[in-house]
There are 2 protein chains.
Amino acid sequence: MTVQQRKERDRAARHRLILATARELAEAEGWDAVTTRRLAGRIEYSQPVLYSHFGGKDEIVSAVALEGAAELTEAVHRAVHAAVPDASGTAAVRALATAYLDWARENPAVYDAIFSMSTGLRFADEATPAPLRAAFEALDEVFARVAGSADSGTLTEVAWATLHGLVTLTRAGRLPAEYAPARLEVLVDRLVGAAG
Amino acid sequence: MTVQQRKERDRAARHRLILATARELAEAEGWDAVTTRRLAGRIEYSQPVLYSHFGGKDEIVSAVALEGAAELTEAVHRAVHAAVPDASGTAAVRALATAYLDWARENPAVYDAIFSMSTGLRFADEATPAPLRAAFEALDEVFARVAGSADSGTLTEVAWATLHGLVTLTRAGRLPAEYAPARLEVLVDRLVGAAG
DNA sequence: CACGTTTTCTAGCGGCGCTAGACATGCGAG
DNA sequence: CTCGCATGTCTAGCGCCGCTAGAAAACGTG
């Protein structure tokens, strides 16, 4: 079985190499630059090898997105738990929002992969992959504390929309960058509401 | 001069035909289906004619986006002024949000053209086209009423981000459609804050 | 070492955005 | 009314895309 095990291990390594290279290339030059030809060239294999690992380019993007979702979740989770062990709702929301916006700013291509390109990845659905569910729960954990009379899941959805909107509008150059801190404060203030 | 005038008129008509056809095709089958070949076929001219009107496909998308921005602005403006002559801030915000979300739902392709595809169209910049400035001002007019101690422009930006986030997350299947009304109420409640 | 399986590559399909150069059209002058 | 020319339009093609069939190579097994 050693032979087959080695093959599987090598294949898994190449699988990871493809994803890491795709992500690298996307962050460096944008997803438009991630063509199957260029990606194949980078990993020093021919195009069909990519298709032996993934059903197509969309699947590669989705795989990068899924990894990224787990990372984003982890970043938010850590920020909330590390920085504010049992702080106020306001502080928790601020920590969450900061971590979310920071991660999106530092990983724009992966963020796009998660939210703009992976049209096949569903949320709030029986087929929703675990990392996406976990991401929502990481947000909900914080917003449940400031939901007041509102349904916490619904508030989380609205809050998430606000964060996501800030990310996309900022990146598109629609919002002046210098007021980002002011927007953060307004966001925290309004989302926390009277429960702060 | 009659000859030249006629030519200009015909050219302007064809210009509009291109934009209307592009928009139609995009709404019917998505922007991926709007190829220069298909678009040229629909208007019954060859591809180079498109390039005599626009610098490239991006310019066509941007032109559709600009028209759409004016429409969206008009829809929001009308909803706010017609439905609530001098109603509460809450009612005004609800009317605005409803109009915005409705328009986005009914014109998904144009909405994408405005916010996801026209990377060249800048906001909050000296080169910002008038329709985009007007859109922001239509929102700001309402949110200034409920800004309280916050800077109204900043609140408008955050509110806009929330609306935009709801649009994109909903369309990507990230938010369950059946709770859209609940999200609207939470959005209104939180954005209006204590100034309601 | 030779065979058969598995893996990888070469080459090509149809379609994309875009453009150079051939061709047609229609105006104004004689 | 006709001709020459400018303007407008089309044909054909470039380099690239995602993707794949079939040839070629590599490798484990008897």
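Just so you know, all these numbers are worked out from the coordinates, no wet-lab data involved. In this text the structure is predicted, and so the values were computed from the model without any measurement. Every residue, glycine as well, gets a Cβ built from its backbone with ideal geometry; the counts of neighbours run over all protein chains shown.
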ask   = Convex hull over the Cα atoms of the stretch A:92-160, averaged projected area in nm²?
value = 4.9 nm²
task = Go ahead and set up a Gaussian network model of chain A, Cα springs under 10 Å, then flag whichever of A:LEU25, A:LEU66, A:LEU175 fluctuates most.
result = A:LEU175
remark   = Nearest 10, in degrees from 0 to 90: the angle of helix B:57-83 to the longest Cα principal axis of chain B is 40 degrees
key: Lys/Arg +1, Asp/Glu -1 at C-beta; the stretch B:33-148 dipole; positive extreme among B:PRO108, B:VAL146, B:PRO129   = B:PRO108
Cα point-scatterer Debye curve for the stretch B:61-195, base-10 log of I(q)/I(0) at q = 0.18, 0.22 Å⁻¹ = -1.03, -1.46
Set of lysines with alpha-carbon distance to A:LYS57 below 29 Å, sequence-local pairs under 8 removed = A:LYS7, B:LYS57
Separation in nanometres of the label points that stand 7 Å from Cα toward Cβ, at A:HIS15 and B:TYR51 = 4.5 nm
inquiry  = I'd like to compare A:67-74, B:144-151: which one has the highest average count of other Cβ atoms within 10 Å, and what's the full order after that?
reply    = A:67-74, B:144-151
message = Can you tell me which of A:ALA92, A:ALA109, A:ALA13 moves the most in a GNM of chain A? Springs connect C-alpha atoms under 10 Å apart.
response = A:ALA13
query = Taking Cα atoms, how many degrees apart are the long axis of helix B:130-143 and the longest axis of chain B, rounded to 10 and kept between 0 and 90?
reply = 10 degrees
request  = Quick one: Debye curve from the alpha-carbon atoms of the stretch A:8-119 only, equal weights, vacuum; give me log10 I(q)/I(0) at q = 0.10, 0.13, 0.17 Å⁻¹ to two decimals.
outcome  = -0.36, -0.56, -0.80
ask   = Along Cα→Cβ at 7 Å, what distances in nm separate the B:SER88 label point from those on the other copies, shortest first?
value = 2.7
key: Stretchable slack from B:THR36 to B:THR119, in nm (0.36 nm times residue separation minus alpha-carbon distance)   = 28.0 nm
task = On a C-alpha basis, how far is the centre of the stretch A:1-27 from the centre of the stretch A:152-173 in Å? Whole number, if you could?
result = 34 Å
task = Would you mind classifying the protein assembly as shown by shape? Square roots of the alpha carbon gyration tensor eigenvalues, ordered a ≥ b ≥ c; an a/c under 1.5 is rounded, otherwise it is prolate if a/b is larger than b/c and oblate if not.
result = oblate
query = Top mean-square fluctuation among A:LEU17, A:LEU132, A:LEU50, Gaussian network model of chain A, C-alpha springs under 10 Å?
reply = A:LEU17
Label-point separation in nm, A:GLU137 to B:TYR179, each point 7 Å along Cα→Cβ = 1.5 nm
key: Cα convex hull volume per residue for the stretch A:1-53 (Å³)   = 64 Å³
ask   = In the neighborhood of B:ASP10, defined by Cβ-to-Cβ distances under 15 Å, what is the net charge if each Lys or Arg adds +1 and each Asp or Glu adds -1?
value = +4
note = Axis carrying B to A; for chain B the Cβ-nearest residue and its rounded Å distance come to B:GLY165, 2
